[in-house]
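K.L.:
The following block contains the structure, expressed as structure tokens.
The values are calculated or read from the model by the stated rules, or taken from the named source; none is laboratory data. Please read these numbers as outputs of a predicted model, since none were measured by experiment. Don't worry about glycine lacking a Cβ; one is built from the backbone with ideal geometry, like all the others, and counts go over all protein chains shown. The protein model used for the area step is the full one, side chains on, heavy atoms only, and it has no ligands, DNA or RNA in it. Shrake-Rupley method; radii C 1.70, N 1.55, O 1.52, S 1.80 Å.
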Amino acid sequence: MTHAKASPMSERASPASKAVSTPPPSRGHAAACALPGTTGWTDEGHRTDYSVFQRPAGTVKAAMIFVDFPDAPATESPADDAAQVTPGADWVWQASYGEAWLAITQYPHWVRMPHDSTDYHFQRGFSHETHEAYIRDAVAAADPGVDFSRYDMVYVMPTRNASAISFTPTYIYEPGTPGVVADGKRIKWSVTFGQDMWHWGPKLIGHETAHTFGLPDLYAFDVRDDAHRFVGGWDVMGLISGAGPQYFGWESWKLGWTRDSQVVCRASAGSDTVRLSAVERAGGTKLAVVRTGPTTAYVVESRRADLADKGACATGALVYKVDSSVETGKGPIHVMDAKPGATPPSGCRPLDDAPYQAGQSFTDPGAGVRIDVLHADRSGDTVRVTKA
């Protein structure tokens, strides 16, 4: 059935200054340190399958629809709920160096889902099919007023009265399956918000939308002692509310926001002295990478308490190990702690004080890797990376 589509009531359109287009990165010497992904899904490899994932470049057009339920009718304004997360579009714009802009069009009218909120069985580990059924119902409910053919992805916002819609998963379609289709267009990517958004806030947009770009989770699915034992609060794909949650420089490189020309690669024996500019701002050399195996490398980047990292508990040269063969939620990135025995500053978490300072060194004798921090100033660090 064809519907006459209503105009959106609210739109976060991209200004002309944000209508950017990212050319494909050139391949050069840095390519010797670009690791292949082997998991077949979200990982830290550079070979992102853009027949499945969304390109993180230019303007990404997203429709935001608002749903309530027979057992949980909305009593609040859709705009109140949207305001909890939509500032995340600006956060992504800044963290991507202006390479990606989320143009979120809001349709701020509650549409009624056909089933009670408890019938959608939201729980950790629920199936792709169960999630897809929820999105299909939401899209069908909103379809009379939304032309879905205009959008790259869909954000589904539930009323805060629906406690059963408890958490926020990301949907990525599976090629070869019927999926969700509206207005002649397949809905390939969707984020369905849950009540945890009231805890995580706007940066939840940065975390969940980046899954549609192909980024994995960096926190531990097996929580054990600490779900954030791998990277702490150093990346929004780990602890969303982390003190310094700028995307790792490695991920910016994977996404094309950092160019090959901004990466120094050491893939054979030798040494390089590198001036690293802080990853929070565009420009300069962002990464020094020492390749250690078919899917592994050590990376060093400079972090400063600025922009996305303005709340960082410590600054300096952040060293981490990448393994692109490791699945999402199992630790594809591990931050190396410069002060493993120290108590973090008040209000900070383990690993928040991980960066290395001038005069300090990281070594992995087994891998033949040494990283020396030679100098630091307000805008970056000078390091020497050595591979034996």
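K.L.:
Decide, for the stretch 324-388, between rounded, prolate and oblate: order the square roots of the alpha carbon gyration tensor eigenvalues as a ≥ b ≥ c, take rounded if a/c falls under 1.5, and otherwise choose prolate if a/b is larger than b/c, else oblate.
P.N.:
Oblate, since a/c reaches 1.5 and b/c is not below a/b.
K.L.:
Out of the DSSP beta bridges found with both residues in the chain, what percent are antiparallel (nearest 5)?
P.N.:
The antiparallel fraction comes to roughly 65 percent.
K.L.:
Tell me, what ³J(HN,Hα) does each residue in the stretch 31-42 have, in order and in whole Hz, if you take phi through Karplus 6.51 cos²θ - 1.76 cosθ + 1.60 with θ = phi - 60° and put x for Gly and Pro?
P.N.:
4, 5, 10, 7, 8, x, x, 10, 8, x, 8, 5
K.L.:
Note down, for the stretch 47-137, the three equivalent ellipsoid semi-axes (square root of 5 times each alpha carbon gyration tensor eigenvalue), biggest first, whole angstrom. Display every interim value, and only then the final one.
P.N.:
On the way: eigenvalues 156, 78, 23 Å².
Calculated on Cα positions only, the semi-axes equal 28, 20, 11 Å.
K.L.:
Here's a follow-up. Subtracting the Cα-Cα distance from 0.36 nm times the residue separation, let me have the gained length for His109 to Lys310 in nm, one decimal.
P.N.:
Values: separation 201, 0.36 × 201 = 72.36 nm, distance 3.57 nm.
Residue separation times 0.36 nm, minus the Cα-Cα distance, leaves 68.8 nm.
K.L.:
Between 0 and 90 degrees, rounded to the nearest ten: what's the tilt of helix 128-142 against the longest Cα principal axis of the chain?
P.N.:
That works out to roughly 50 degrees.
K.L.:
I would also like to ask the following. What is the dipole size for the stretch 244-329, taken about its Cα centre, with +1 at each Lys and Arg Cβ and -1 at each Asp and Glu Cβ, in debye to the nearest 20?
P.N.:
Working: 11 positive and 9 negative charges, 43 e Å.
Dipole of the stretch 244-329, to the nearest 20 debye: 200 debye.
K.L.:
Before rounding to the nearest 500, sum -39500 (n - 2.57) across all DSSP H runs of length at least 4 in the chain and divide by the residue total; then give [θ] at 222 nm in deg cm²/dmol.
P.N.:
The helix-only estimate for the chain comes to -3500 deg cm²/dmol at 222 nm.
K.L.:
List the relative contact order of the stretch 315-384 as a percent without decimals, with contacts defined as Cα pairs under 8 Å and 6+ residues apart.
P.N.:
RCO, the stretch 315-384: 26 percent.
K.L.:
So, one more: Most mobile of Gly206, Gly242, Gly293 per a Gaussian network model of the chain (Cα springs, under 10 Å)?
P.N.:
Gly293
K.L.:
What relative contact order, as a whole-number percentage, does the stretch 263-308 give when Cα pairs under 8 Å and 6 or more residues apart are counted? Let's see the in-between values first.
P.N.:
On the way: 73 pairs, mean separation 17.5, N = 46.
RCO, the stretch 263-308: 38 percent.
K.L.:
Could you list, in their original order, any pairs among Lys286/Lys330; Lys188/Lys321; Lys254/Lys387 whose Cα atoms are separated by more than 29 Å?
P.N.:
Exceeds cut-off: Lys188/Lys321.
K.L.:
Two-decimal Rg/Rh of the chain from alpha-carbon positions, Kirkwood Rh?
P.N.:
With Rh from the inverse mean 1/r over Cα pairs, Rg/Rh is 0.99.
K.L.:
Something else about it: May I ask for the angle, rounded to the nearest 10°, between helix 203-212 and the longest principal axis of the chain, with both axes built from Cα atoms and the value confined to 0 to 90°?
P.N.:
90
K.L.:
Same structure, new question: Consider all pairwise Cα distances in the stretch 43-195 and report the whole-number % of them above 21 Å. Walk me through the numbers before you get to the answer.
P.N.:
Values: 5214 of 11628 pairs.
The calculated P(r) of the stretch 43-195 puts 45 percent of pairs beyond 21 Å.
K.L.:
Scan the stretch 332-388 for trypsin sites (Lys or Arg not before Pro) in coil per DSSP, keeping those whose Cβ has at most 15 other Cβ atoms within 10 Å, and list them by number.
P.N.:
Answer in residue order: Arg378.
K.L.:
While we're here: Using a/c under 1.5 as the rounded threshold, could you call the stretch 132-267 rounded, prolate or oblate? The axes a ≥ b ≥ c are square roots of the C-alpha gyration tensor eigenvalues, and prolate needs a/b larger than b/c, oblate otherwise.
P.N.:
Because a/c hits 1.5 or more and a/b fails to exceed b/c, the stretch 132-267 counts as oblate.
K.L.:
A further question on this structure: Quick one: compute the contact order of the chain, relative version, from alpha carbon pairs under 8 angstrom and 6+ residues apart, as a percent.
P.N.:
That works out to 17 percent.
K.L.:
For the stretch 188-274, which trypsin sites (Lys or Arg not before Pro) are in a loop by DSSP, counting at most 14 other Cβ atoms within 10 Å?
P.N.:
Arg224
K.L.:
Now for a different question. How many percent of the accessible area of the chain is carbon or sulfur, using a 1.4 Å probe?
P.N.:
Carbon and sulfur: 51 percent of the exposed surface of the chain.
K.L.:
Next question, about the same structure. When the distances between all Cα atoms of the stretch 229-388 are binned every 10 Å from zero, what whole-number percent does each bin get?
P.N.:
12, 44, 38, 6, 0
K.L.:
Let me ask something else about it. For the stretch 114-170, state which trypsin sites (Lys or Arg not before Pro) are in a DSSP loop and have at most 12 other beta carbons lying within 10 Å of their beta carbon.
P.N.:
Sites meeting the loop and neighbour criteria: Arg124.
K.L.:
Separation between the Thr38 and Thr118 pseudo-spin-labels, each 7 Å from Cα along Cα→Cβ, expressed in nm?
P.N.:
4.7
K.L.:
Might you report the magnitude of the Cβ-based charge dipole of the stretch 278-327 about its Cα centre, with Lys and Arg at +1 and Asp and Glu at -1, to the nearest 20 debye?
P.N.:
Working: 7 positive and 6 negative charges, 34 e Å.
The dipole magnitude comes to about 160 debye.
K.L.:
Cβ under 11 Å from Phe248's Cβ, Phe248 left aside: what net charge do those residues give with Lys, Arg +1 and Asp, Glu -1?
P.N.:
With Lys, Arg at +1 and Asp, Glu at -1, the net is -1.
K.L.:
To the nearest 0.05, how large is the calculated FRET efficiency for Ser77 and Arg384 if R₀ is 45 Å and r is the Cβ-Cβ distance? Mind showing how you got there, number by number?
P.N.:
On the way: r = 56 Å, r/R0 = 1.25.
After rounding to 0.05, the efficiency reads 0.20.
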